[in-house]
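The structure under discussion appears below in the form of structure tokens.
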Amino acid sequence: MRLRLILILGLTALSLLATTGAAAYPWPVKPFNKQHPIRANFGDPRTIFQLGLFQNGIAGPGTFLFHNGIDIAAKDGTSVYPVMSGVVKLLDAESLSITTTKGRTFQYFHLVPVVTDGEHVVAQRTLLGYVRKGAGHVHLSELRGFRVWNPIAEGGIAPYRDRTKPTVASILLRRWDTLNEVDSLGVCGRISIASEAFDTPPMRVSGTFANFPVSPAAVTWSLRRVGTGLVIAPPSTPVDFRGTLPLAPDFWNVYARGAYQNAPRFGPRQFSLMPGRFLYNLTPTAGIDTRTLVNGVYQVTVRAIDIKGNSQTLNKRFTVVNQPTTETGCPASTPPPPPPPPPPPPPPTTTTTTTP
Ligand SMILES: [Zn+2]
């Protein structure tokens, strides 16, 4: 009887495993089975701009990456333990990876390690090291097979609850290939659509990262004509960090120019206390040529979703007014104002004798 019960329980566990795809694992810091604050999400922008802000650094070259793990807030010196057992490989002086037998590899960054290369470590038992001075967090990356995976996705770190909604702060219409906004009352020619969106961590983060944005897990958008219900662009999800990450060369296809990370760096200057601006590119390939649309009113709908499915939606209407007679679809630019009239000739000098 007892054996049968164990068998049934075992089968249930197996089927659960099959539906979730992978077994969950605990947190790498104590208490292991309680949620901890996360100060950076999987997919957050990591931007280092080469040029200064006033040298148009924001549109210029740099190093642009997607954050490939989660940053778990923890005081400097906090003990860090493996979330699953496996074999250690030291990556550098302050990071290491642990390869498990379950097809998953975990990487821990910003530590002072106390383990050695090749050492076998036991989940929640072997001390890996301490959060190094000044880090204030441990970065955890997960690889499933050879793909980097969102650690808060199904089958990832647990427990993880999230009752906060992401925010869609704005929807921007821009002249194609520029950062210039187009007035929504008169849209013509080719445009791109971007949206500023962010998530609020479910647990409050303290210190300098308090109230900084983190990335939503996904952003969807659609476009329809107002009044007719005509769908121009059905809902699609150009931003999706719920599983793995896009490739780094696609950074500016996922984020829109104008985006930057928390505490951003432009040239020599770091703006340590400034929150990031998470601006997503919803029309990366060719934007929208509004000349393919009938003049009229349209509505963009943007939805930001977190890993647990909480979401927020924002709509923005715009009016398409293309002119068939011009090449761009936009009204011919107003001719430059006439040059200012020459200064009036100096008044003739008359010698007047004033009598006091
Ligand atoms: Zn990190």
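Details
- Applying the criterion of being assigned to a loop (DSSP other than H, G, I, E, B) and of a type in the set (Lys, Arg) to the residues of segment 109-145, the residue that is surrounded by the most Cβ atoms within 10 Å (Cβ to Cβ) is 132.
- Count of segment 76-95 residues which are within 16 Å of the ligand (Cβ to nearest atom) and over 25 Å from the mean Cα position of the chain (by Cα): 7
- Filter result for residue 148 (within 29 Å of the chain's Cα centre (by Cα), within 16 Å of the ligand (Cβ to nearest atom) and surrounded by 21 or more Cβ atoms within 10 Å (Cβ to Cβ)): no
- The requirement of being of a type in the set (Gly, Ala, Ser), outside any strand (DSSP E or B), within 20 Å of residue 263 (Cβ to Cβ) and out of contact with any strand residue (DSSP E or B) (no Cβ under 6 Å at 6 or more places or on another chain) is fulfilled somewhere in segment 211-221, by at least one residue.
- Enumeration of residues in segment 34-60 that are within 16 Å of the ligand (Cβ to nearest atom) and not in a loop (DSSP other than H, G, I, E, B): 38, 39, 40, 45, 46, 47, 48
- Residue count for segment 236-291, restricted to those that are among the polar types (S, T, N, Q) and assigned to a loop (DSSP other than H, G, I, E, B): 6
- Positions within segment 117-139 being within 16 Å of the ligand (Cβ to nearest atom) and farther than 13 Å from residue 29 by Cβ, in sequence order: 132, 134
- In the set (1) crowded, with 20+ Cβ neighbours inside 10 Å; (2) over 23 Å from residue 42 (Cβ atoms); (3) charged (D, E, K, R), residue 104 fails one condition alone, (2).
- Residue under evaluation residue 211, criteria (1) over 30 Å from residue 331 (Cα atoms); (2) at pLDDT 95 or above; (3) not hydroxyl-bearing (Ser, Thr, Tyr), criterion not met: (2)
- Take the conditions (1) out of contact with any helix residue (DSSP H, G or I) (no Cβ under 9 Å at 6 or more places or on another chain); (2) within 16 Å of the ligand (Cβ to nearest atom); (3) not acidic (Asp, Glu); residue 185 misses just one of them, which is (2).
- Restricting attention to segment 167-199, the residues that are crowded, with 19+ Cβ neighbours inside 10 Å and within 28 Å of residue 42 (Cβ to Cβ) total 12.
- Odd one out for residue 154, checked against (1) over 27 Å from residue 243 (Cα atoms); (2) more than 16 Å from the ligand (Cβ to nearest atom): (1)
The values are calculated or read from the model by the stated rules, or taken from the named source; none is laboratory data. All values derive from a computational prediction rather than experimental measurement. Here Cβ is always computed from backbone atoms with ideal geometry, including for glycine, and neighbour counts include all displayed protein chains.
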